[in-house]
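Each remark here refers to the structure printed beneath this line.
Values in this text are rule-based calculations from the coordinates and carry no lab data. All values reported here derive from a predicted model rather than from experimental measurement. With ideal geometry, Cβ positions are generated from the backbone for all residues, glycine too; neighbour counts draw on all protein chains shown.
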Amino acid sequence: MTREEGRGRGRLRLSKLYSFSCFHPDVLQPEGPISLQGPGFSRVVYCNQPRLHKKKPSKYPSNYISTTKYNIITFLPKALFEQFRRVANVYFLLTAILSLTPVTPFSPVSMIAPLAFVVGLSMAKEALEDWRRFIQDMKVNNRKVNVHQGGVFGFQTWQKLRVGDIVKVEKDQFFPADLLLLSSSYDDGICYVETMNLDGETNLKVKRSLEVTMSLNDDISFRDFAGTIRCEDPNPNLYSFVGNLEYDHEVYALDPSQVLLRDSKLRNTAYIYGVVVFTGPDSKVMQNSTQSPSKRSTIEKKMDYVIYFLFSFLVLISLISSTGFAVKIKYGMPEWWYMEPNDTSDFYNPSKSALSGIYHLVTALILYGYLIPISLYVSIEVVKVLQASFINKDLHMYDEETGNPAQARTSNLNEELGQVDTILSDKTGTLTCNQMDFLKCSIAGVAYGVGSSEVEIAAAEQMAFDLSTPCTQNNRMRNSWENGGSDSEVSEIEMETIVTPRNQNEQRRDENEQRPVIKGFSFVDRRLMEGNWLKEPKADTIMLFFRILALCQTAIAEVNEETGGFNYEAESPDEGAFVVAAREFGFEFYKRTQSSVFIRERYLSSRQPIEREFKILNILEFSSKRKRMSVIVRDEEGQVFLLCKGADSIVFERLSKNGRIYEAVTTKHLNEYGEAGLRTLALAYKKLEESEYLAWNNEFQKAKTTIGADRDGMLERVADMMEKDLILVGATAVEDKLQKGVPQCIDKLAQAGLKIWVLTGDKMETAINIGYACSLLRQGMKRICITTMNTDMTPAQDVKTVVIENILMQLTNASQMIKLEKDPHAAFALIIDGKTLSHALEPEMKHQFLNLAVICSSVICCRVSPKQKAMVTRLVKEGTGKTTLAIGDGANDVGMIQEADIGVGISGVEGMQAVMASDFSISQFQFLERLLVVHGHWCYKRISQMICYFFYKNIAFGLTLFYFEAFTGFSGQSVYDDWYMLLFNVILTSLPVISLGVFEQDVSSEVCLQFPALYQQGPTNVFFDWYRILGWMGNGLYSSLIIFFLNIGIFYDQAFRRGGQTADMAAVGATMFTCIIWTVNCQIALTMSHFTWIQHVFVWGSIATWYVFLLIYGMFSKYSGNAYKILVEALAPAPIYWLATLLVMVACNLPYLAHVSFQRAISPMDHHVIQEIKYYKKDVEDQHMWTRESSKARQETKIGFTARVDAKIRHLRARLQKKQSSFITQQNVQSPARSH
Amino acid sequence: MNTEMASSSGGTGSTDPSAPRRHSKRPKYSRFTQQELPACKPILTPQWVISAFTLISFIFIPIGVASLLASRNVVEIVYRYETDCIPINLRGDKVGYIQSTLDKNCIKMITVPKRMKHPIYVYYQLDNFYQNHRRYVKSRSDTQLRDKKKENDTSSCEPEESNGGSPIVPCGLVAWSLFNDTYSFSIKNEPLAVNKNDISWKSDRDSKFGKDVFPKNFQNGTLKGGATLNESIPLSKQEDLIVWMRTAALPTFRKLYGRIEVDLQANEVINVTLENNYNTYSFNGKKKLVLSTTSWLGGKNDFLGIAYLTVGGLCFFLALSFTVVYLVKPRKLGDPSYLSWNRNPAGH
């Protein structure tokens, strides 16, 4: 039954309603078939005969898609290649190979095993990540679609779909491949498509089938359907399609409006039939996708330089060593009879000392290889995986609604999150939920609607807080209040700015509690609800307003089976909000027929509704160029009206003289709405005389039936004639619903010193409104709009140069303006559209554009294509050299997500492309704050401290080997047992450093969030600058000297215990190694500021492990050689062993301790002070100070609502001062009068 | 160390068991995964720093003094003889002399400077002898030394692995170059016994040098190295070899020769008969005879004591300077005015 109804509704000929621009229903195809020849047009599709595509030459790929990097066969070679792209790994591979030759100072296993482990681990990680991608692909590939087979339609997986298949796609389903639209549930073969996943545009697009095929609209009719499509080869161009359809011995031309692209979605249409043209990798969306590049973090790149530095150092000391060796061999060796110099191989041959030296160089390179720690790479991998798992498991980033936790899809960028400088954000689906709520309106000059937009609520709360804190404490922005501020003034401001929205807010909340939440409608004002509007003074205008809302639309009403009410399917979300609003006001649109719109009017809730029919005479459709839409209706009394809604500027210039009564006050309201971040439209009407209408309609029909290119222009001109001399009724304000917490998140991110750019495919007005809503824009901010001038007049060949010159001029002017600006609080916003951007991104101009963009507080790019998003991202990334983060949710953001240093995907309800391409995925924009400010901050500090410590530890250890060489005639003998050396990096020092990398917290997550300014430690890179790296290296050098020479001094030649035994190499080596273990582990304990039991266990456990190892190793005489029983028998009973350990450990760590203590005492860093505050629980005792400091802990920013509040306060203050002075003058004026 | 057991509250309410588990993807709450494990967060307060430095200096200075005293109490006689023991007329060609078959005995007299309590350790000290050279260190076979059955295990002993096809036991350069000077002492013609037992590590004798492994084919080659070994005594009893096989870490080293187990009085004169066999002349090595008592710290070496005193003194100085800094420029801990946004108001 309902299905029948659905079909009935579906049988509307929508084309009748539309006047122009979407299709040409009554006109013959203007152009004939295109002759398709030559390369690039070789594709032939046999419709409904997919079996013909099983064989060459028309065999095309299946609809299987794969986004994985590897497959089973290519995994090993490709992944290995990836691994050995790292210089360090190549070096380790070389040493491992050399360790198989006799020159090695160590056993080959000790070289090969760690390398195999590192490479194996990284490859396992790659494999796991690729596996996840594969699972995602499988999910997509296994989606079901209705496919035609011999007259019946049956379900099949997407991947089995073949070119030529006829598919039936139902409402709200994704198209499985690129389809040629044959017919739809509408008689005239049109359908609506949402292409958000492709280009990010939110408005629905109309696609139409060829007339010849539009009658094929039931399952049966495809039994014998056959046709041949000849068309272009697969290409990535989303907006073009060239081809012919051969059907019934006729050839018809095809154009992009018949093509339904994969990953777009069928909307507002019950079903469509289409034939598969491009499958899988051939589809436009897949052609657009690029291989996800492997990204490396800034720290890792810098680490490479440190590695190069260390490597040069390694080569240097190896050269010293081998030179020394050669000299010793040449001059010393002949005298060393105990080494039988006459019976040697080339390694020690005194007569070939140069050759021996060269051999020794290799030995030395391996021996000192401890300077370049292979375990660094293993540890970093391990740490990053663990860090990523913390990100994945963070409950604060888990979205209850969608059930999606945050996900670190690649773990090698964790620390990059802590260094982000610029965020490039998509708008729809990222900042907004793509849902409009009717919030306010202004009717006949009276503003209705007491609800506040989310921005206002947030701003009000912030201001209320600021004001509740005593003025004296807040020195920053309230200094001048102290000077001139009296209580009355403060309360006045409160009255004006805080109390009202707050109370309204409460009211709104109260009412929301009473009523069920209606999607698309957040309007609160008792004056208009429940028929109360009848009591308002201008009730007739109000009624007109509601009728415009209800009538001036192209939506379709659909019975909601659950509630019995109506759902509306509108072309754009704001239109939907209007219809819903009209319904809520008592003007329920419930039916649309070919020529009429039916409205149920309910004046009072008690009374029976009246059903009215309005004849729709014409619809003058909305287009982005016209920025308005009108309907011409005839009411039941036969009166003809033109009802118009449109952008305020457009409507206002079309008002008649007597239609401007409310213009001034409405403008004021519109400005307020605009400032509150609302989307506004003005509503107007005009009453038409029958004759006037008929005359116009003649013109219109004439224009409609014109054939030729000028048809659209003519229609537009005719429409233009009609849409003038309007009478203003009012204006609406619709809230583009921001996602939860977006303004707060943007505010915090701005305070953390991040720059936020919005790149959107939407039109400029929408983008600007969202800019307001997110507080990226505010009143008083100087807006710089860079646009392309109208080039209709100029001859075509000059267009480009003229345009470029013009843009260049705009850029220069804007830069000049900013330079000349004196007000320190002045903020600038750069708004640029896609067309202009395409010029601005050209090499000669892009730097100028970037320079301008960088000094502007906010940048909004609208109408940008996916490719431009990526180009802007690259420009920012390469131009500023800073770290960029791109965040988006749709397939149109994939380019920018891949291009940016970090790509973040929103794992919302829609497609997965963005997530698949991203490095991190979160389910709501607001989680970005925690991701960056908490996890990013931590990971950055952890990784940088960890790397610095690693260098320290390996220098401290590695250089002792070098010093010892000088005492062994540079022979390449190490003082330590091979096992000690192997264990040093693997067991004895690895776990503490991993625990540092995983668990270190300078401040807790709450503090990170409360003090966003702490984030700046990342972008300014204070923890991994050369000063710090070299400092740590210096510390390592110092430690190595102390460890070695103190031990040499202590164990020089005398007996080292009461028993008279002298220390042999094993004893000296073991003692020295004990000192190293103590030193480096105590050093890391000093570095850490956060000890959970894990750190304690790892640090102290490592030291204990060393003794345990020595004990156990010493028990096996077979393997331990001279280390046999070394601890129990030789070292432990000797007090000098313990005294040496204590001395060396203290001496090594003394300078570091002194340095950090002095630094902390004299110039503490922010986190030091906060640690102290927390430590002494001052935050609990003096909560006021704590909140005050956290409110001050921000970078100077001109965006976000805090900045907006500041600006507002400045503004109010200025007004107050004005008032005060005028008050004083008034008094001055009055007082003499009184004295009379 | 000042520590604080601080833990941040969970605050998520997710531990509530009644919460509906709608989604299996929901991460499970645990303090570990939420990084909320209780932790102690020590910070470097001035008090802590000053007391730490003071404490270190208070521990180190006494240790330094004690070590220095111990070292000073050790009586050590070092007698360098590599030149003295060559007849004056032959000193022009020391290498020739040492390689000749002439009588190498030389008798010298040493005066005891201070009373030496037994046990008095007798050492030989070699100088400029690279016992730590890689070629030298590696040229040995521990398995052969330990196990009779493994006498063919000489692959690592190059170039002293075999002689005439049969393996050398003990093989390798280390054993081959065994020190062979001998010392005998007498006071007033009364021979002074030198106990050469237990001069090596017990573990070496028990486990590393086989009781059933006898020297074989040793020093039979054309090129003679150092000492020869009595082929009837098992390696585990050849303590000079065992001591020698413990290669020294530095080119200057002492090795234990024996013990004199009577006290020596001050100004007593000891007659030493040295048999100067070992060739250190090729490489200009010194040879020294050392008689030394020991303290709880071992032999005579002031280094440890001085180092302890230095570090202790440095810590004391640091503690002082910290106190001065703290007094001159005190900073209230947790004073928010030190936060960067308060320090440079120009930033706003």
*What is the mean number of Cβ atoms from other protein chains located within 10 Å of the Cβ atom of each residue in peptide A:395-402, rounded to a whole number?*
5
_Please give the Cα centre distance for region B:50-69 versus region A:152-207, rounded to the nearest Å._
84 Å
*Quick one: which residues, 5 or more positions from B:ALA227 or on another chain, have an amide H under 5 Å from its amide H? H modelled 1.01 Å from N in the peptide plane, none for Pro or chain starts.*
B:LEU178, B:PHE179, B:ASN180
*For region A:670-687 versus region A:803-826, the gap between their alpha-carbon centres in whole angstrom*: 30 Å
*So which of A:LYS328/B:LYS287; A:LYS352/B:LYS288; A:LYS800/A:LYS846; A:LYS645/A:LYS687; A:LYS295/B:LYS28; A:LYS782/A:LYS822 end up more than 24 Å apart by C-alpha?*
A:LYS352/B:LYS288; A:LYS295/B:LYS28
*Per residue of A:1062-1072, how many C-beta atoms from partner chains lie within 10 Å of its own C-beta, taken as a mean?*
5
*For the protein assembly as shown, build the charge dipole from Cβ charges (+1 Lys, Arg; -1 Asp, Glu) around the Cα centre, then report which of A:VAL446, A:LEU94, A:SER572 sits farthest towards its positive end.*
A:LEU94
*Ignore the peptide's own chain and count Cβ atoms of other chains within 10 Å of each Cβ in B:173-182; give me the average, rounded.*
2
*Among beta bridges that DSSP assigns inside chain A, antiparallel share in %, nearest 5*: 75 percent
_Pairing rule first: another cysteine's C-beta must sit under 4.7 Å. Under that rule, which cysteines of chain B stay single?_
B:CYS40, B:CYS315
*Taking H as built 1.01 Å from N, whose amide H comes closer than 5 Å to the amide H of B:LYS216, not counting residues under 5 places away?*
B:VAL169
*Net charge near A:TRP158: determine it from the other residues with C-beta under 13 Å of the C-beta of A:TRP158, scoring Lys and Arg +1 and Asp and Glu -1.*
+2
*Find the centroid of the Cα atoms in region A:1106-1168 and in region A:537-577, then give the distance between the two in whole Å.*
79 Å
*Estimate the FRET efficiency between A:PHE153 and A:GLU530 by the formula 1/(1 + (r/R0)^6), using the beta-carbon distance for r and 56 Å for R0, to the nearest 0.05.*
0.70
*Calculate the spin-label point distance for A:HIS1096 paired with B:SER232, positioning each point 7 Å from the Cα along the beta-carbon direction, and give it in nanometres.*
6.6 nm
*Viscosity 1.306 mPa s, temperature 10 °C: Stokes-Einstein D of chain B from its Kirkwood Cα radius, in µm² per second?*
60 µm²/s
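Kyte-Doolittle cut-off 0.0, length cut-off 24 Å along the helix's own axis using Cα: show which whole DSSP H helices in chain A pass.
Long hydrophobic helices here: A:108-141, A:298-327, A:374-393, A:796-820, A:937-967, A:1026-1050, A:1065-1087, A:1093-1113, A:1135-1162.
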*If each residue's Cβ is checked for other Cβ atoms within 10 Å, how do A:VAL1205, A:VAL904 rank with the fewest at the top?*
A:VAL1205, A:VAL904
*asked:* Taking R0 as 25 Å, what FRET efficiency do you get between A:LEU820 and A:SER649 from their Cβ-Cβ distance, rounded to the nearest 0.05?
replied: 0.30
*What 222 nm value per residue comes from the helices of chain B, counting each DSSP H run with n ≥ 4 as -39,500 (n - 2.57) and dividing by all residues, nearest 500 deg cm²/dmol?*
-7500 deg cm²/dmol
*Amide H neighbours of A:VAL450 under 5 Å, at least 5 residues apart or on other chains, H built in the peptide plane: list them.*
A:VAL524, A:ASP525
_Taking 30 Å as R0, compute the FRET efficiency from the Cβ-Cβ separation of A:ARG1028 and A:LYS78 and round it to 0.05._
0.25
*In debye, nearest 20: dipole of chain A around its Cα centre with unit charges on the Cβ of K, R (+) and D, E (-)?*
640 debye
*In the structure shown, do any of A:LYS205/A:LYS867; B:LYS117/B:LYS211; A:LYS763/A:LYS867; A:LYS748/A:LYS877; A:LYS139/A:LYS869; A:LYS384/A:LYS882 have a Cα-Cα gap over 25 Å, and if so which?*
B:LYS117/B:LYS211; A:LYS139/A:LYS869
*Please get the size of the charge dipole for region A:946-1082, origin at its Cα centre, with Cβ charges of +1 on Lys and Arg and -1 on Asp and Glu, quoted in debye to the nearest 20.*
220 debye
_Using only Cα atoms and rounding to the nearest 10 degrees, what angle (0 to 90) does helix B:303-328 make with the longest principal axis of chain B?_
20 degrees
*May I ask you to sort A:ILE955, A:ILE1103 by Cβ crowding, counting other Cβ atoms within 10 Å and putting the fewest first?*
A:ILE1103, A:ILE955
*Helix-only CD estimate at 222 nm, as mean residue ellipticity for chain A, using -39500 (n - 2.57) per DSSP H run (n ≥ 4)*: -15000 deg cm²/dmol
*Report, to the nearest 10°, how far helix B:46-73 tilts away from the longest principal axis of the Cα atoms in chain B, using its own Cα long axis and a range of 0 to 90°.*
10 degrees
*What's the exposure ranking of A:LEU361, B:LEU320, going from fewest to most Cβ atoms within 10 Å?*
B:LEU320, A:LEU361
*If you place +1 on the Cβ of every Lys and Arg, -1 on the Cβ of every Asp and Glu, and leave all else neutral, what size is the dipole of region A:532-736 about its Cα centre, to the nearest 20 Debye?*
480 debye
*asked:* Report the Cα-based extents of the protein assembly as shown along its three principal axes, largest first, to the nearest Å.
replied: 153, 107, 67
